[in-house]
Amino acid sequence: MTSSRPYIIRAIYEWIVDNGLTPYILVDTHSEAVVVPRDYIENNRIILNISMQATQGLALENDNVSFSARFGGKPMNVFVPTSSVLAIYAQENGQGMMFGEAEEPQIGAGAETPAPAAEGSPERPGGPDDDPSGPSGGGKKPSLKIVK
């Protein structure tokens, strides 16, 4: 049976976008197949803004998530195997889903993910406004909640 992870990632992404929020993914960078800007990795993890405003050519495939984005003003092609996606959530309120080591998601209220570094997220055209400590983010860490 195929993994449910890519289907859940696509569903949560669509739900976040439909609600006018900003989708972020938390990525485990241990795998050599992960292609992300190494300067922004902390504790073998990176948080990426995967909104349409921050990416070009976003593809949420069964095997990987890929897109082009700018990091520190420099363009880069990003490639993340689906198995390396640890969570997908809305930047504004932390709602989304965290995945465990196994293929099935772990659902739980109050599970926290690290706050994204402003420089670790792809820049949006028109200026960097994804800083969680800025006026829209309120400076608190996002938390994942059960999505029903």
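The values are calculated or read from the model by the stated rules, or taken from the named source; none is laboratory data. This structure is a prediction, so every number in the text was calculated from the model and none was measured. No Cβ is skipped: glycine too gets one built from the backbone with ideal geometry, and neighbour counts run over all protein chains shown.
Looking only at region 40-99, count how many residues are part of a strand (DSSP E or B), touching a residue at least 60 places away in the same chain (Cβ under 8 Å) and charged (D, E, K, R).
So the answer is 2.
If you scan region 1-38, which residues turn out to be in a helix (DSSP H, G or I), touching a strand residue (DSSP E or B) at 6+ places or on another chain (Cβ under 6 Å) and closer than 20 Å to Ala69 by Cα?
The answer is Ile9, Arg10, Tyr13, Ile16.
Take region 4-27 and flag every residue that is surrounded by fewer than 18 Cβ atoms within 10 Å (Cβ to Cβ) and charged (D, E, K, R).
Arg10, Glu14, Asp18, listed by residue number.
Answer yes if at least one residue in region 68-76 is modelled with pLDDT under 95 and of a type in the set (A, V, I, L, M), and no otherwise.
Checking region 68-76: not a single residue is modelled with pLDDT under 95 and of a type in the set (A, V, I, L, M).
Do we have any residue at all in region 110-123 that's modelled with pLDDT of 50 or more, more than 20 Å from Tyr13 (Cβ to Cβ) and either out of contact with any helix residue (DSSP H, G or I) (no Cβ under 6 Å at 6 or more places or on another chain) or of a type in the set (A, V, I, L, M) (or both)? Write out each step before concluding.
We begin by selecting, within region 110-123, every residue modelled with pLDDT of 50 or more; these are none.
Within region 110-123, not a single residue is modelled with pLDDT of 50 or more, more than 20 Å from Tyr13 (Cβ to Cβ) and either out of contact with any helix residue (DSSP H, G or I) (no Cβ under 6 Å at 6 or more places or on another chain) or of a type in the set (A, V, I, L, M) (or both).
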